[in-house]
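Chemist: Structure in structure tokens, see below.
Please treat every number below as a calculation from the coordinates, not as lab data. Being a predicted model, the structure only gives us computed values, none of them experimental. Every residue, glycine among them, receives a Cβ derived from its backbone with ideal geometry; neighbour counts consider all protein chains shown.
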Amino acid sequence: MKFRALNLFNISHRGPALLLAGLLSTLASLPAMAHHSFAAAYDLEDPISIEGKVVEVRLTNPHSHFFLDVTDSSGETVRWKFEAGTPSGMLRNGYSPKVIKPGDTVTINGFRARNDSNNGMLRELITADGRKFGMFGPQEAGGSR
């Protein structure tokens, strides 16, 4: 049995080869399309500052999440969820699960979700004793990351 090499320069073979290349490049780009832009999800022109008690911290990929119980102006408790940086980035910069525990009171400065839900993006988290953590870990003295 003889095998012949596929000649991609032969016009009769170009169509299927181009179709296969296009299909492969489309499939390779799907994970990148699934990741969102913070500017698309959060209103970066309207900063918020929320104080509340930590309910839960989730260090899960691709982004960490902080859940707070916040007392609103009518005295009701409202649950807020703030999206933060990657778990590895936060851990690498000094944050650890021992730093902030359920029941701790914190202030989160960030941006509200564009859909008017009780969701936001964490820019800075301040503990009751004044330690500051940014989206990817602790804040440097004299600036943010």
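Chemist: I'd like to verify a number: residues in the stretch 46-69 that are free of Cβ contacts under 8 Å to residues at least 40 places away in the same chain and over 18 Å from the mean Cα position of the chain (by Cα), how many?
Modeler: Adding up the residues that qualify gives 1.
Chemist: Hey, another quick one. Which members of the stretch 88-99 meet the condition of being surrounded by fewer than 18 Cβ atoms within 10 Å (Cβ to Cβ) and either out of contact with any Gly (no Cβ under 9 Å at 6 or more places or on another chain) or not in a helix (DSSP H, G or I) (or both)?
Modeler: Of everything in the stretch 88-99, those that are surrounded by fewer than 18 Cβ atoms within 10 Å (Cβ to Cβ) and either out of contact with any Gly (no Cβ under 9 Å at 6 or more places or on another chain) or not in a helix (DSSP H, G or I) (or both) turn out to be SER88, ASN93, GLY94, SER96, PRO97, LYS98, VAL99.
Chemist: Still on this structure: Take the stretch 53-87 and flag every residue that is of a type in the set (D, E, K, R) and touching a Pro at 6+ places or on another chain (Cβ under 9 Å).
Modeler: Those that are of a type in the set (D, E, K, R) and touching a Pro at 6+ places or on another chain (Cβ under 9 Å): LYS53, GLU56, ARG58.
Chemist: Assess whether ASP104 counts as being out of contact with any Gly (no Cβ under 7 Å at 6 or more places or on another chain) and exposed (fewer than 11 other Cβ atoms within 10 Å of the Cβ).
Modeler: no
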